[in-house]
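Quick one: the structure is below, and I'll ask about it shortly.
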Amino acid sequence: MTAGVRPAGGLPLRPELVGVEPYGAPQLDVAVRLNVNENPYPPDEQVVAAVANAVAGAARGLNRYPDREAWALRRDLAGYLGGGVLPEQVWPANGSNEVMLHVLQAFGGPGRTALGFAPTYSMYPEYARNTHTAWVTGRRSDDFSIDLDAAVALVRRQAPAVVLLASPNNPTGTALPPDTLAAVLEVAPGVVVVDEAYAEFRRDQTPSALSLLPAHPRLVVTRTMSKAFAGAGARLGYAVAAPAVVDALRVVRLPYHLSGLTQAAARALLAHAPTLLARVDELRADRDRLAGWLAGRGLEVAESDANFVLFGRFADRHLVWRGLLDRGVLVRETGPDGWLRVSVGTPSEIAAFRQALDEVRADVRSGVRGDVATVDLLNGTRR
Ligand SMILES: *Cc1c(COP(=O)(O)O)cnc(C)c1O
């Protein structure tokens, strides 16, 4: 046996993985699911038919490995982004989660550090752990913004190989101002990832980091089809970066990492971008209305450029979360203590959420606790 291997429960598991639960929000079978920031509108039948047709075409060649470089898809993604982005600058994988893991595999590793600003996306420390990269967090301010001077000082001190910045940030919805990003890019010695999973939902005055790419060879912008494109089930995310960065990601990917079926489905979705993205404007308006409603109820609401809203603060947020679940509404218990996150659903889902929240708050005020049905739901039915 290798020196240092201590079997835990009979398995020679890496010690840092012992007792660790796999990451993921509860997938519960409830009527109104507003907990993982999905697009609430399924693709319409025309898009479904186009995807089915494209997948059938790919199925005719399933005896062969797919295009390892996914050139057709990369051309389509570059075309969607516009602004002079070339296919050589685009790197697709199974969700932007895999793209960011590729970044850590290529640029992180033992003896290197990755840095983020909490509260932020819970997967970042996991990519670091899985690649033996040290993980360091700076703190966001009370309004969830990143203090420019503190960020610059921290990046100087830590000299991280990778900086991970979500903009808009999850779970807070906060966008990163261009001057903060510029300052971090200026001092960061390694690559700087701007995770723009929610970019299409940003408000009109909020810029994308894509425009900084020509001037910054170590900037990596990641995007996904999981949110705005209503394609969470397709598992397609991508990085946009200098061709040299993409070449580094190509070194660490598994051979044929992106299935021919996924490539075909993603291309069909992209061909219907205008139809799919038409819903985004509605969702942005519904987000602003929902944030206004929550504020009108006397709650604190984080400013959001995404398709969700973080709201609070509750003395016992778990009680509120459970009360909502008892009423068939699933939100996410995440972020700093006292806060909850709700994804923007359809108007009827938002109405159900609003009614349930009013009821729960009235109950909490009068001292009524949640009932046992929720416990059964949590322990039993899984979707
Ligand atoms: C949802 C989300 C993603 C997208 O992940 P996929 O793997 O593309 O589905 C990435 N980053 C953040 C911050 C997210 O919230």
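So what's the chain giving for Rg/Rh, alpha carbon basis, Kirkwood Rh from the mean inverse pair distance? Could you put the intermediate results ahead of the total?
On the way: Rg = 21.5 Å, Rh = 22.2 Å.
Ratio of gyration radius to Kirkwood radius: 0.97.
In addition: Using unit Cβ charges (K, R positive; D, E negative) and no other charged atoms, how large, in debye to the nearest 20, is the dipole of the range 45-272 about its Cα centre? The partial results should precede the final answer.
On the way: 20 positive and 18 negative charges, 129 e Å.
Here the range 45-272 has a charge dipole of around 620 debye.
Give the residue from 109, 338, 32 lying farthest towards the positive end of the charge dipole for the chain; charges sit on Cβ (+1 for Lys and Arg, -1 for Asp and Glu) and the dipole is referred to the Cα centre.
So the residue we want is 109.
Tell me, in nm to one decimal, what length is gained between residue 23 and residue 148 on full extension, where the rule is 0.36 nm per residue of separation less the Cα-Cα distance? Before the final figure, lay out each step's value.
Details: separation 125, 0.36 × 125 = 45.00 nm, distance 3.05 nm.
Using 0.36 nm per residue and subtracting the Cα-Cα distance, I get 42.0 nm.
Still on this structure: Mind listing the Cα extents of the range 45-272 along all three principal axes, in Å, largest one first?
So the extents along the principal axes, rounded to whole Å, are 55, 39, 30.
At a threshold of 8 angstrom on Cα-Cα distance, excluding pairs fewer than six apart, so keeping six or more, what relative contact order does the chain reach in percent?
Values: 676 pairs, mean separation 83.9, N = 383.
Computed value for the chain: 22 percent relative contact order.
To the nearest 20 debye, what is the magnitude of the charge dipole of the range 1-128 about its Cα centre, counting +1 on the Cβ of each Lys and Arg and -1 on the Cβ of each Asp and Glu?
It works out to roughly 440 debye.
Give the residue list of chymotrypsin sites (Phe, Trp or Tyr not before Pro) in the range 209-292 that are DSSP loop and have at most 15 other beta-carbon atoms within 10 angstrom. Provide the component values of the computation, followed by the final result.
Numbers: sites: 229, 238, 256; in loops: 229, 256.
Those satisfying the criteria are 256.
For the range 210-260 and the range 164-195, write down the distance between their C-alpha centroids in whole Å.
Value for the Cα centre distance between the two parts: 16 Å.
Any idea what the dipole of the chain comes to, in debye rounded to 20, about its Cα centre with Lys/Arg Cβ at +1 and Asp/Glu Cβ at -1? All intermediate terms of the calculation are to be shown ahead of the outcome.
Numbers: 40 positive and 40 negative charges, 177 e Å.
Its charge dipole is roughly 860 debye.
List the relative contact order of the range 143-240 as a percent without decimals, with contacts defined as Cα pairs under 8 Å and 6+ residues apart. Before the final figure, lay out the partial values.
Details: 150 pairs, mean separation 23.4, N = 98.
The normalised contact order for the range 143-240 reaches 24 percent.
Using a basic spin-label model with each label point 7 Å from the Cα along Cα→Cβ, how many nm lie between residue 63 and residue 232?
3.9 nm
Sticking with this structure for a sec: Name the residue from 251, 87, 184 whose Cα lies farthest towards the positive end of the charge dipole of the chain, charges +1 on Cβ of Lys and Arg and -1 on Cβ of Asp and Glu.
Comparing the listed Cα positions along the dipole, 251 ranks first.
Please work out the Cα center distance from the range 274-302 to the range 105-123, rounded to the nearest Å.
Centre-to-centre (Cα) distance: 31 Å.
Once you have all Cα-Cα distances for the range 133-258, histogram them in 10 Å bins from zero and send the whole-percent values.
12, 41, 36, 11, 0
Compare the peptides 116-128, 135-147 by average per-residue count of other Cβ atoms within 10 angstrom and give them in order, highest first.
Result, highest mean first: 116-128, 135-147.
Read-outs throughout are calculated quantities, based only on the coordinates presented, and are distinct from any laboratory measurement. Because the structure is predicted, anything quoted here is derived from the model rather than measured. Cβ coordinates were reconstructed from backbone atoms using ideal geometry, including for glycine residues, and neighbour counts include every protein chain displayed.
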